[in-house]
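What follows draws every value from the coordinates through simple rules; no lab data is involved. Only a predicted model underlies this, so the values are computations on that prediction, with no experimental measurement involved. For neighbour counting, all protein chains shown are included, and Cβ atoms are generated from backbone atoms with ideal geometry for every residue, glycine included.
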Amino acid sequence: MIQTDILIIGAGPTGLFAVFEAGLLQLKCHIIDALPQPGGQLAELYPKKPIFDIPGYPSVLAGDLVTNLMEQIKQFQPGFTLGETAETIQKLEDGTFIVTTNEGTKHQAKAIAIAGGLGTFEPRKPILKDIEFYEKEDRGVDYFVKDPEKYRGKNIVIAGGGDSALDWSIFLSNVANSVTLVHRRNEFRGALDSVEKVQELKNAGKIKLVTPAEVVGFNGSERITAVDIEVNGARMKVECDYFIPLFGLTPKLGPIANWGLEIEKNAIKVNNALDYQTNIDGIYAIGDVNIYPGKLKLILCGFHEATLMCQSVYNRINPGKRYVLKYTTVSGVDGFDGTRKEAEKAVVKSID
Amino acid sequence: MSQDVTIFITDRNGVKHEVLAPTDMNMNIMELIRSYELAEEGTVGVCGGMAMCASCQCYILNDVISLERNPDEEAMLWEAYHVKDNSRLGCQIPITVDLEGLEIEIAPEQ
């Protein structure tokens, strides 16, 4: 069982920054996220797009903001359970919680911070006969690339026309035995460098492009051995070990909706006058996932909410213990890894 | 004061609403739907207006605006569900004085 002080659900900017504020208060954090990488929407939906309203950054790419947040929190050594969805919660008599994921990973924590954003990102699935059968137990249909090594030496068919289809085709062309990219149109929509790179790899024979086309069926009795592809009304069969449809993701509040929390407008109601706690003592909700009068779904508001939540958890875990807010410029940052960041001391020296 | 326009929006339950839309707030149809709460929060404008989710797909019911889609919109609608010839993404339709009298229907959830 994973043990921590604050279990954060959601590795978006709000969840990541909470690790920093918790660390300043000597609280340890562990983060669960359904996506295989940290960053939430920023990493999954628009990593290459700029954000203009992060204080102090006239412009920052969403992907860079995630990289910076990961750098900012690394000395507080957060744990991660990625690619798994928080499914059930149990409150023990001692006031701690046990959260179990869809894959059975158990986490025990003194407080829960739900930083779930729009919810769990679930893949948009193509409507195909028998797809439910093949998506189970490694039978060949995957909606995420969690571990690229799994595809080493294999034959892969990827479907989709956006950034993730392009980027994974590029990446897997160096790992897999073959990569076939199938898209309904001739045009792809992604960052210019990704589109150009796929063109290059196609010319070099490293990616096979099939457009305008659609995967319409599966072959294989126990697992996929080939997919049927329809191109201009004609059918072709492409042998493969894996079919990875990348048609984007839709967020759903998911299992959290059944935790007994007060929900309004698809968001979790919190006490914004105090500490962003929900109707369940010890469970907080911060960032885009919460709602209160005047709520704004902005990253900068999430940072603020994360900070107040951490102070509240500190008081909860250490009742009556004295503490005053410190400034990092004055007191520096002591990492759990033994590192220390601090301002350079001023020099006291006479000038002749 | 700048002019408001009247837009007719049929929600996902088939109820028709007549709403006033400001033309000076840099708003689009997706945001108009959200501001009047004509669809459940979290089911429209999910991506924030980047033409990346199709949750604000609308059917255009009269000829007040063109059905021509921009390239991002076209690409997204190619991958969406419930798409018809008169589908557009609400987030890609800025509210201007030219929208007076526009009639739309919000497409089903993706």
Point to revise | Subset of region A:242-266 (residues that are assigned to a loop (DSSP other than H, G, I, E, B), more than 11 Å from chain B (Cβ to nearest Cβ) and closer than 23 Å to A:Phe121 by Cβ) | key: A:Trp259, A:Leu261
Review point. Yes or no: A:Pro148 within 14 Å of chain B (Cβ to nearest Cβ) and not hydroxyl-bearing (Ser, Thr, Tyr)?
Key: no
Study note, to complete from the structure: Within region A:103-127, the residues that are more than 30 Å from A:Asp228 (Cβ to Cβ) and either within 12 Å of chain B (Cβ to nearest Cβ) or without any contact (Cβ under 8 Å) to a residue 40 or more places away in the chain (or both) are A:Glu103, A:Gly104, A:Gly116, A:Gly117, A:Leu118, A:Gly119
Practice item. Name the one entry in A:Gly217, A:Gly153 that is more than 21 Å from A:Glu44 (Cα to Cα), more than 14 Å from chain B (Cβ to nearest Cβ) and either without any contact (Cβ under 8 Å) to a residue 40 or more places away in the chain or crowded, with 23+ Cβ neighbours inside 10 Å (or both). Key: A:Gly153
**Study point:** Where A:Gly294 falls short, out of the listed (1) more than 14 Å from chain B (Cβ to nearest Cβ); (2) surrounded by 13 or more Cβ atoms within 10 Å (Cβ to Cβ); (3) not hydroxyl-bearing (Ser, Thr, Tyr)
**Key:** (2)
Check your understanding: A:Gly162 passes all but one of (1) surrounded by fewer than 16 Cβ atoms within 10 Å (Cβ to Cβ); (2) within 14 Å of chain B (Cβ to nearest Cβ); which number fails?
Key -> (1)
Check your understanding: Identify, please: which residue in region B:54-76 is within 13 Å of chain A (Cβ to nearest Cβ) and farther than 22 Å from B:Gly14 by Cα and is, among those, surrounded by the most Cβ atoms within 10 Å (Cβ to Cβ)?
Key -> B:Met76
Exercise for review: Determine, yes or no, whether A:Glu239 is within 14 Å of chain B (Cβ to nearest Cβ) and either at positive phi or touching a residue at least 24 places away in the same chain (Cβ under 8 Å) (or both).
Suggested key: no
Check your understanding: Applying the selection to region A:176-202, what residues are under 19 Å from A:Val231 (Cα atoms) and either away from chain B (no Cβ under 14 Å) or assigned to a loop (DSSP other than H, G, I, E, B) (or both)?
Key -> A:Val179, A:Thr180, A:Leu181, A:His183, A:Arg184, A:Arg185, A:Asn186, A:Glu187, A:Phe188, A:Lys202
Review point. What about A:Val227, is it assigned to a strand (DSSP E or B), away from chain B (no Cβ under 14 Å) and buried (at least 21 other Cβ atoms within 10 Å of the Cβ)?
Key: yes
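Here's the yes/no breakdown for (1) touching an Asp or Glu at 6+ places or on another chain (Cβ under 9 Å); (2) in contact (Cβ under 8 Å) with a residue 12 or more places away in the chain; (3) polar (S, T, N, Q):
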site: B:His17; (1), (2), (3): yes, yes, no
site: B:Pro22; (1), (2), (3): yes, yes, no
site: B:Asn28; (1), (2), (3): no, yes, yes
site: B:Thr43; (1), (2), (3): yes, yes, yes
site: B:Ala51; (1), (2), (3): yes, yes, no
site: B:Ala54; (1), (2), (3): yes, yes, no
site: B:Ser66; (1), (2), (3): no, no, yes
Check your understanding: Among B:Leu89, B:Leu99, B:Leu38, which is buried (at least 17 other Cβ atoms within 10 Å of the Cβ), within 30 Å of A:Ser164 (Cβ to Cβ), in contact (Cβ under 8 Å) with a residue 24 or more places away in the chain and under 14 Å from the mean Cα position of the chain (by Cα)?
Key -> B:Leu89
